[in-house]
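The values are calculated or read from the model by the stated rules, or taken from the named source; none is laboratory data. Remember, it's a predicted structure, so these values are computed and weren't measured experimentally. Don't worry about glycine lacking a Cβ; one is built from the backbone with ideal geometry, like all the others, and counts go over all protein chains shown. Just the protein is used for accessible areas: all its heavy atoms, side chains included, with ligands, DNA and RNA removed. Shrake-Rupley method; radii C 1.70, N 1.55, O 1.52, S 1.80 Å.
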Amino acid sequence: MQRRQIENEINELKQDFRLRTIKTNNNELLNFSSNDYLGILKDEKIFEEFYSNLNFEEYKLSSASSRLIDGSYSIVMSLENEVERIYKKPCLVYNSGFDANSSLIETFFNKESLIITDRLNHASIYDGCINSGAKILRYNHLDTVALERLLEKYSNEYKDILVVTESVYSMDGDIADIEAIVKLKERYSFQLMLDEAHSYGVYGYGIAYNKNLVKDIDFLVIPLGKGGASIGAYVICDEIYKQYLINKSRKFIYSTALPPINNLWNLYILKNMLKFSKKIENMEKLVKFSLNELKRLEIETSSNSHIISIIIGENNATTKLSEVLKQKGYLAYSIKEPTVPKNTARLRISLTANMDEAELKTFFLILKEEISKVKVI
Ligand SMILES: Cc1ncc(COP(=O)(O)O)c(C=O)c1O
């Protein structure tokens, strides 16, 4: 790309109030933009316990190799075994959710395939779809009736169909009806992929696990950078799929493995998930409280989870709202196109389990006051 074109595009982004910049994070603000949903990273007791038992000699800060060469340290193998013990299906650890989603789709699907995807699925899913060369059809967000219509229409034409959904949607805070999608398997032949990035931790081992649906999901992806308070991702699938990924998935094969210390931490979180039940219960209470408060204050949202999305519409107004909140002590980033559809710029408010009702109450009152000063669509 020529320099002149790059400059033009950057100028366009500036004029449209969409230029992304990187800012140092600010620990003094009450953080509504963190994905550490369970507040694990703020829990000193957890870290004391983790570090007090840590043998730094054994758990290195780099794997210094890919998994297939010298990077499969015993800790990552133990982690995969523990995931398999819990979910009752084999697991392959990836370096990130982005790698897991994109690589899985581009490895298994090709120009003979049809991929049917919820319109609002994550960029990593879209990248995989595009790289696979498959035909891509999008259904309206969460609309299982529209999904079924597509399955009905295309099932004869395509033998190889993938349906992809997330469980909790990160920019809307609403939740897919996974049971209804699984039920469609009784009538149509397709493989199902589920991304649980925003439910792992908040819902313990995830919504699919809680509803006993893991057996029905061909590819379960659990990115660990959010409620998992870490990095990496679990791909949970049948052994034959795992073998295929080990042999064909370029992002698995040609990348340095996660450092052993990160996998020790992943294993610690996994093994202690049941101990986090107090945090999970507190989160449930905070979600209920917040949704009631929003209703009472007549602040519109279609969210029904720990992620609360307040659509403002216009980019500049949303940025201003976020800035005013910052001046008042709150970090709530504005989200704009292309992360969300044009004209639906929004505040994305994520709750974390270490918050309390009193501070939420004050925040929502201030939010109400500030929203009324900007134009709401
Ligand atoms: C739904 C979803 N899937 C996948 C990812 C990517 O995960 P990771 O951050 O581990 O690359 C994200 C995070 O941004 C996400 O929100």
As straight-line cross-link partners of LYS226, the qualifying aspartates and glutamates (C-alpha separation under 17 Å, not fewer than 8 residues apart within one chain) are ASP36, ASP43, ASP99, GLU166, ASP172, ASP174, ASP195, GLU196, GLU284
What accessible area per residue comes out for the chain, rounded to a whole number of Å², with a 1.4 Å probe? 50 Å²
Could you work out the helix-only [θ] at 222 nm for the chain, with each DSSP H run of four or more residues adding -39,500 (n - 2.57) and the total divided by the number of residues, to the nearest 500 deg cm²/dmol? -12500 deg cm²/dmol
With a cut-off of at most 15 other beta carbons within 10 Å, and DSSP calling the residue loop, which GluC sites (Glu not before Pro) in the stretch 298-344 qualify? Please list them. GLU298, GLU300
Tell me the Kirkwood hydrodynamic radius of the stretch 10-60 in angstroms, computed as one over the mean inverse distance between distinct C-alpha pairs. 15.0 Å
Note the per residue figure in Å³ for the convex hull of the C-alpha positions in the stretch 172-289. 132 Å³
Accessible-area composition of the chain, carbon plus sulfur, in percent [1.4 Å probe]: 49 percent
Could you check what % of the DSSP bridge pairs in the chain are antiparallel, to the nearest 5? 50 percent
Suppose accessible area is computed on protein heavy atoms with a 1.4 Å probe; arrange ILE40, ILE136 from highest to lowest. ILE136, ILE40
Starting from the Cα coordinates of the chain, work out the convex hull volume and express it per residue in Å³. 163 Å³
Debye, to nearest 20: dipole size of the chain, +1 on Lys, Arg Cβ, -1 on Asp, Glu Cβ: 540 debye
For the pairs LYS135/LYS336; LYS135/LYS295; LYS60/LYS361; LYS88/LYS278, flag any whose C-alpha to C-alpha distance is greater than 32 Å. LYS135/LYS295; LYS60/LYS361
Cα gyration tensor shape for the stretch 258-320, rounded if a/c is under 1.5, else prolate or oblate: oblate
Specify the longest stretch of the chain that does not include any exposed loop site, a site being one of the chymotrypsin sites (Phe, Trp or Tyr not before Pro) with a non-H, G, I, E, B DSSP assignment and at most 13 other Cβ atoms within 10 Å. 57-253
Charges on Cβ only, +1 for Lys and Arg, -1 for Asp and Glu, centred on the Cα centroid of the chain; of ALA134, ILE22, LEU258, which one is farthest towards the dipole's positive end? ILE22
